[in-house]
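First comes the structure, then the notes that go with it.
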Amino acid sequence: MTEPVIRVVGLGKSYETAAGLFPALRGVNLEIRPGEYIAIMGPSGSGKSTFMNLLGCLDTPTIGDYFLTGSNVAHMDKDALAILRNRTLGFVFQGFNLLPRMSLQDNVALPLVYAGADKETRRAAAREMLDKVGLGKYAESLPSRISGGQQQRVAIARALVNRPRLILADEPTGNLDSHTSEEIMRLFGELNAEGITVVLVTHEQDVAAHAKRQVKFLDGEIVSDHLTAEVA
Ligand code: ADP
Ligand code: MG
(Lines give C-alpha, C1' and ligand atoms only; values in the text may rest on other atoms or scores of the structure.)
(Ligands and ions follow the chains in the order given, each with its own letter.)
Protein backbone atom coordinates (compact mmCIF):
# COMPACT_ATOMS: atom_id res chain seq x y z
CA MET A 1 0.00 0.00 0.00
CA THR A 2 1.17 3.51 -0.74
CA GLU A 3 2.06 5.73 2.17
CA PRO A 4 -0.69 8.16 3.22
CA VAL A 5 -0.20 11.82 2.32
CA ILE A 6 -1.73 12.66 5.70
CA ARG A 7 -2.04 10.56 8.84
CA VAL A 8 -3.30 12.03 12.09
CA VAL A 9 -3.38 10.04 15.30
CA GLY A 10 -5.25 11.20 18.40
CA LEU A 11 -5.05 14.79 17.22
CA GLY A 12 -6.40 17.33 19.70
CA LYS A 13 -6.50 21.09 19.96
CA SER A 14 -7.67 23.11 22.94
CA TYR A 15 -7.96 26.89 22.96
CA GLU A 16 -7.39 28.99 26.03
CA THR A 17 -10.46 31.05 26.71
CA ALA A 18 -11.57 33.26 29.62
CA ALA A 19 -13.70 30.32 30.78
CA GLY A 20 -10.75 27.90 30.66
CA LEU A 21 -9.46 25.43 28.08
CA PHE A 22 -11.89 24.75 25.27
CA PRO A 23 -11.38 21.45 23.38
CA ALA A 24 -12.13 22.36 19.75
CA LEU A 25 -10.70 19.09 18.43
CA ARG A 26 -10.84 15.86 20.43
CA GLY A 27 -8.72 12.90 19.46
CA VAL A 28 -9.14 12.80 15.70
CA ASN A 29 -7.76 9.87 13.68
CA LEU A 30 -7.68 10.05 9.89
CA GLU A 31 -5.67 8.77 6.95
CA ILE A 32 -5.69 10.41 3.56
CA ARG A 33 -4.11 8.56 0.63
CA PRO A 34 -2.55 10.00 -2.52
CA GLY A 35 -5.17 11.01 -5.08
CA GLU A 36 -8.07 11.17 -2.65
CA TYR A 37 -10.68 13.93 -2.86
CA ILE A 38 -12.28 14.54 0.52
CA ALA A 39 -15.00 16.91 1.68
CA ILE A 40 -14.91 17.84 5.37
CA MET A 41 -18.41 18.65 6.56
CA GLY A 42 -20.18 19.50 9.81
CA PRO A 43 -22.00 22.39 11.47
CA SER A 44 -20.41 25.72 12.32
CA GLY A 45 -18.19 25.38 15.38
CA SER A 46 -17.57 21.64 14.90
CA GLY A 47 -13.81 22.10 14.52
CA LYS A 48 -13.38 21.99 10.74
CA SER A 49 -11.19 25.09 10.47
CA THR A 50 -9.19 24.09 13.53
CA PHE A 51 -8.50 20.75 11.84
CA MET A 52 -7.62 22.30 8.46
CA ASN A 53 -5.26 24.80 10.10
CA LEU A 54 -3.45 21.90 11.75
CA LEU A 55 -3.27 19.98 8.44
CA GLY A 56 -1.93 23.12 6.75
CA CYS A 57 0.71 23.58 9.49
CA LEU A 58 -0.77 27.00 10.21
CA ASP A 59 -1.27 25.97 13.84
CA THR A 60 0.13 23.32 16.19
CA PRO A 61 -1.84 20.60 17.99
CA THR A 62 -2.20 20.40 21.76
CA ILE A 63 -1.88 16.63 21.63
CA GLY A 64 -1.47 13.85 19.09
CA ASP A 65 0.66 13.23 16.03
CA TYR A 66 0.47 14.52 12.50
CA PHE A 67 2.42 12.77 9.76
CA LEU A 68 2.61 14.80 6.55
CA THR A 69 4.06 12.67 3.74
CA GLY A 70 5.54 10.48 6.46
CA SER A 71 7.26 13.21 8.50
CA ASN A 72 6.03 13.81 12.03
CA VAL A 73 5.21 17.48 12.00
CA ALA A 74 5.01 17.67 15.80
CA HIS A 75 8.74 17.02 16.06
CA MET A 76 9.94 19.48 13.41
CA ASP A 77 11.43 22.89 14.05
CA LYS A 78 9.92 25.99 12.47
CA ASP A 79 12.28 26.20 9.50
CA ALA A 80 12.01 22.54 8.57
CA LEU A 81 8.25 22.77 8.88
CA ALA A 82 8.09 25.84 6.61
CA ILE A 83 10.10 24.00 3.96
CA LEU A 84 7.94 20.86 4.19
CA ARG A 85 4.74 22.91 4.03
CA ASN A 86 5.96 24.98 1.08
CA ARG A 87 6.97 21.90 -0.89
CA THR A 88 4.02 19.70 -0.06
CA LEU A 89 0.81 21.65 0.15
CA GLY A 90 -1.16 24.64 -1.05
CA PHE A 91 -3.83 26.29 1.12
CA VAL A 92 -6.95 28.06 -0.18
CA PHE A 93 -8.94 30.30 2.17
CA GLN A 94 -12.61 31.25 2.11
CA GLY A 95 -11.73 34.94 1.81
CA PHE A 96 -9.18 34.48 -1.02
CA ASN A 97 -6.52 36.50 0.93
CA LEU A 98 -4.95 38.18 -2.10
CA LEU A 99 -2.71 41.19 -1.49
CA PRO A 100 -4.68 44.16 -2.88
CA ARG A 101 -1.75 46.25 -4.14
CA MET A 102 -0.04 43.44 -5.99
CA SER A 103 -0.83 42.28 -9.51
CA LEU A 104 -2.43 38.86 -9.91
CA GLN A 105 0.86 37.56 -11.26
CA ASP A 106 2.79 38.79 -8.22
CA ASN A 107 0.15 37.35 -5.88
CA VAL A 108 0.46 33.94 -7.51
CA ALA A 109 4.27 34.12 -7.44
CA LEU A 110 4.41 34.91 -3.72
CA PRO A 111 5.05 31.34 -2.45
CA LEU A 112 8.01 31.19 -4.84
CA VAL A 113 9.52 34.29 -3.25
CA TYR A 114 9.51 32.41 0.05
CA ALA A 115 10.95 29.37 -1.72
CA GLY A 116 13.84 31.52 -2.99
CA ALA A 117 13.16 31.22 -6.76
CA ASP A 118 14.60 33.89 -9.09
CA LYS A 119 12.44 36.51 -10.76
CA GLU A 120 12.17 34.91 -14.19
CA THR A 121 11.27 31.50 -12.73
CA ARG A 122 8.61 33.16 -10.60
CA ARG A 123 7.15 35.08 -13.52
CA ALA A 124 7.00 32.02 -15.78
CA ALA A 125 5.46 29.78 -13.12
CA ALA A 126 2.89 32.40 -12.10
CA ARG A 127 1.88 32.92 -15.76
CA GLU A 128 1.54 29.20 -16.28
CA MET A 129 -0.71 28.80 -13.24
CA LEU A 130 -2.84 31.83 -14.18
CA ASP A 131 -3.27 30.32 -17.65
CA LYS A 132 -4.24 27.03 -16.01
CA VAL A 133 -7.09 28.69 -14.10
CA GLY A 134 -8.11 30.65 -17.21
CA LEU A 135 -6.93 34.10 -16.09
CA GLY A 136 -3.63 34.58 -17.93
CA LYS A 137 -4.86 37.68 -19.71
CA TYR A 138 -5.41 39.47 -16.37
CA ALA A 139 -1.90 38.78 -15.08
CA GLU A 140 -1.03 42.47 -14.71
CA SER A 141 -4.37 43.46 -13.12
CA LEU A 142 -5.02 44.14 -9.46
CA PRO A 143 -7.37 41.79 -7.52
CA SER A 144 -10.01 44.54 -7.24
CA ARG A 145 -10.43 44.47 -11.04
CA ILE A 146 -11.83 40.92 -11.15
CA SER A 147 -14.84 39.10 -9.69
CA GLY A 148 -14.91 37.05 -6.49
CA GLY A 149 -14.93 33.77 -8.41
CA GLN A 150 -11.95 34.93 -10.44
CA GLN A 151 -10.15 36.00 -7.25
CA GLN A 152 -10.67 32.52 -5.84
CA ARG A 153 -9.22 31.05 -9.04
CA VAL A 154 -6.17 33.28 -8.55
CA ALA A 155 -5.89 32.03 -4.96
CA ILE A 156 -5.99 28.46 -6.28
CA ALA A 157 -3.27 29.33 -8.82
CA ARG A 158 -1.19 30.68 -5.92
CA ALA A 159 -1.75 27.44 -3.99
CA LEU A 160 -0.60 25.47 -7.06
CA VAL A 161 2.50 27.44 -7.95
CA ASN A 162 4.85 25.24 -5.90
CA ARG A 163 3.36 22.17 -7.58
CA PRO A 164 2.08 20.66 -4.32
CA ARG A 165 0.85 17.08 -3.96
CA LEU A 166 -1.94 18.30 -1.73
CA ILE A 167 -4.46 21.15 -1.83
CA LEU A 168 -6.27 22.13 1.37
CA ALA A 169 -9.22 24.49 1.04
CA ASP A 170 -11.36 25.87 3.90
CA GLU A 171 -14.83 26.74 2.54
CA PRO A 172 -13.40 27.88 -0.80
CA THR A 173 -16.89 28.51 -2.21
CA GLY A 174 -18.32 30.00 1.00
CA ASN A 175 -18.33 33.55 -0.41
CA LEU A 176 -19.44 32.64 -3.93
CA ASP A 177 -22.77 32.29 -5.72
CA SER A 178 -23.87 28.81 -6.77
CA HIS A 179 -22.89 29.19 -10.44
CA THR A 180 -19.39 30.42 -9.55
CA SER A 181 -19.11 27.69 -6.90
CA GLU A 182 -19.72 25.09 -9.59
CA GLU A 183 -16.87 26.53 -11.66
CA ILE A 184 -14.51 26.41 -8.69
CA MET A 185 -15.56 22.84 -7.93
CA ARG A 186 -14.93 21.86 -11.55
CA LEU A 187 -11.40 23.22 -11.17
CA PHE A 188 -10.80 21.16 -8.00
CA GLY A 189 -12.13 18.12 -9.86
CA GLU A 190 -9.64 18.70 -12.68
CA LEU A 191 -6.75 19.08 -10.25
CA ASN A 192 -7.74 15.85 -8.53
CA ALA A 193 -7.94 14.12 -11.93
CA GLU A 194 -4.32 15.20 -12.45
CA GLY A 195 -3.40 13.32 -9.28
CA ILE A 196 -3.40 16.12 -6.70
CA THR A 197 -4.92 15.14 -3.36
CA VAL A 198 -7.75 17.53 -2.46
CA VAL A 199 -9.23 18.15 1.00
CA LEU A 200 -11.89 20.81 1.24
CA VAL A 201 -14.33 22.05 3.83
CA THR A 202 -17.88 22.82 2.84
CA HIS A 203 -21.26 23.36 4.45
CA GLU A 204 -23.15 22.35 1.36
CA GLN A 205 -24.09 18.83 0.35
CA ASP A 206 -24.11 19.68 -3.37
CA VAL A 207 -20.55 20.97 -3.08
CA ALA A 208 -19.50 17.92 -1.06
CA ALA A 209 -21.02 15.67 -3.72
CA HIS A 210 -18.09 16.59 -5.99
CA ALA A 211 -15.70 14.87 -3.58
CA LYS A 212 -15.12 11.12 -3.57
CA ARG A 213 -15.22 10.79 0.21
CA GLN A 214 -17.11 12.74 2.87
CA VAL A 215 -15.94 13.11 6.46
CA LYS A 216 -18.30 14.69 8.97
CA PHE A 217 -17.28 16.52 12.16
CA LEU A 218 -19.40 17.21 15.22
CA ASP A 219 -18.17 18.82 18.44
CA GLY A 220 -14.53 18.29 17.55
CA GLU A 221 -14.85 14.63 16.57
CA ILE A 222 -15.31 12.69 13.34
CA VAL A 223 -18.80 11.20 13.41
CA SER A 224 -18.95 9.72 9.92
CA ASP A 225 -16.59 8.86 7.07
CA HIS A 226 -18.09 7.54 3.81
CA LEU A 227 -17.39 7.31 0.13
CA THR A 228 -19.68 9.74 -1.72
CA ALA A 229 -21.34 6.82 -3.51
CA GLU A 230 -22.47 5.56 -0.10
CA VAL A 231 -23.88 8.87 1.16
CA ALA A 232 -27.67 8.83 0.97
P1 ADP B 1 -15.75 25.37 12.21
O2 ADP B 1 -14.69 25.73 11.23
O3 ADP B 1 -16.26 23.97 12.09
O4 ADP B 1 -16.87 26.36 12.21
P5 ADP B 1 -13.76 26.07 14.23
O6 ADP B 1 -12.65 25.11 14.09
O7 ADP B 1 -13.55 27.44 13.64
O8 ADP B 1 -15.11 25.43 13.68
O9 ADP B 1 -14.08 26.27 15.76
C10 ADP B 1 -14.32 25.16 16.63
C11 ADP B 1 -14.59 25.68 18.02
O12 ADP B 1 -13.41 26.28 18.55
C13 ADP B 1 -15.67 26.78 18.07
O14 ADP B 1 -16.41 26.60 19.25
C15 ADP B 1 -14.86 28.04 18.12
O16 ADP B 1 -15.58 29.06 18.79
C17 ADP B 1 -13.63 27.63 18.90
N18 ADP B 1 -12.44 28.40 18.50
C19 ADP B 1 -11.90 28.45 17.25
N20 ADP B 1 -10.79 29.22 17.23
C21 ADP B 1 -10.62 29.66 18.51
C22 ADP B 1 -9.64 30.49 19.16
N23 ADP B 1 -8.62 31.00 18.49
N24 ADP B 1 -9.78 30.72 20.49
C25 ADP B 1 -10.83 30.18 21.17
N26 ADP B 1 -11.77 29.39 20.64
C27 ADP B 1 -11.68 29.13 19.32
MG1 MG C 1 -14.59 27.21 9.75
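The values are calculated or read from the model by the stated rules, or taken from the named source; none is laboratory data. The structure displayed is predicted, hence computed values, not measured ones. Counting neighbours? That spans all protein chains shown, and the Cβs are built from the backbone with ideal geometry, glycine included. These accessible areas exclude ligands, DNA and RNA; they are computed on the full protein's heavy atoms, side chains included. Shrake-Rupley method; radii C 1.70, N 1.55, O 1.52, S 1.80 Å.
The test for being of a type in the set (A, V, I, L, M, F, W, C), within 13 Å of ligand 1 (Cβ to nearest atom) and crowded, with 19+ Cβ neighbours inside 10 Å holds for L200.
Return the total of residues in the range 93-104 being crowded, with 17+ Cβ neighbours inside 10 Å and modelled with pLDDT of 95 or more.
If we filter the range 93-104 for residues that are crowded, with 17+ Cβ neighbours inside 10 Å, which is where we start, we get 93-94, 96, 98, 103-104.
After this cut, where a residue has to be modelled with pLDDT of 95 or more as well, the list is 98, 103-104.
The total comes to 3.
The criterion of at least 3 residues that are in contact with an Asp or Glu (Cβ under 8 Å, 6 or more places away or on another chain) and modelled with pLDDT of 95 or more is met, among strands (runs of 3 or more DSSP E) falling completely within the range 1-50, by 6-17, 20-32. Only a single criterion out of (1) open to solvent by 40 Å² or more (accessible area, probe 1.4 Å); (2) touching a Leu at 6+ places or on another chain (Cβ under 9 Å); (3) under 23 Å from I83 (Cβ atoms) is not satisfied by M129, namely (1). Restricting the range 39-57 to residues that are over 11 Å from the mean Cα position of the chain (by Cα) and surrounded by fewer than 21 Cβ atoms within 10 Å (Cβ to Cβ), which is farthest from ligand 1 (Cβ to nearest atom)? So, considering only residues that are over 11 Å from the mean Cα position of the chain (by Cα) and surrounded by fewer than 21 Cβ atoms within 10 Å (Cβ to Cβ), the one farthest from ligand 1 (Cβ to nearest atom) is P43.
The rows are residues; the columns are (1) buried (at least 17 other Cβ atoms within 10 Å of the Cβ); (2) charged (D, E, K, R); (3) touching a residue at least 60 places away in the same chain (Cβ under 8 Å).
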| position | (1), (2), (3) |
| --- | --- |
| P143 | yes, no, no |
| Q152 | yes, no, yes |
| R158 | yes, yes, yes |
| V161 | yes, no, yes |
| A169 | yes, no, yes |
| T180 | yes, no, no |
| I184 | yes, no, no |
| V207 | yes, no, yes |
| I222 | yes, no, yes |
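Just wondering, is there one or more residues in the range 65-73 that are more than 10 Å from ligand 1 (Cβ to nearest atom) and either open to solvent by 70 Å² or more (accessible area, probe 1.4 Å) or in a helix (DSSP H, G or I) (or both)? Taking every residue of the range 65-73 in turn, at least one turns out to be more than 10 Å from ligand 1 (Cβ to nearest atom) and either open to solvent by 70 Å² or more (accessible area, probe 1.4 Å) or in a helix (DSSP H, G or I) (or both).
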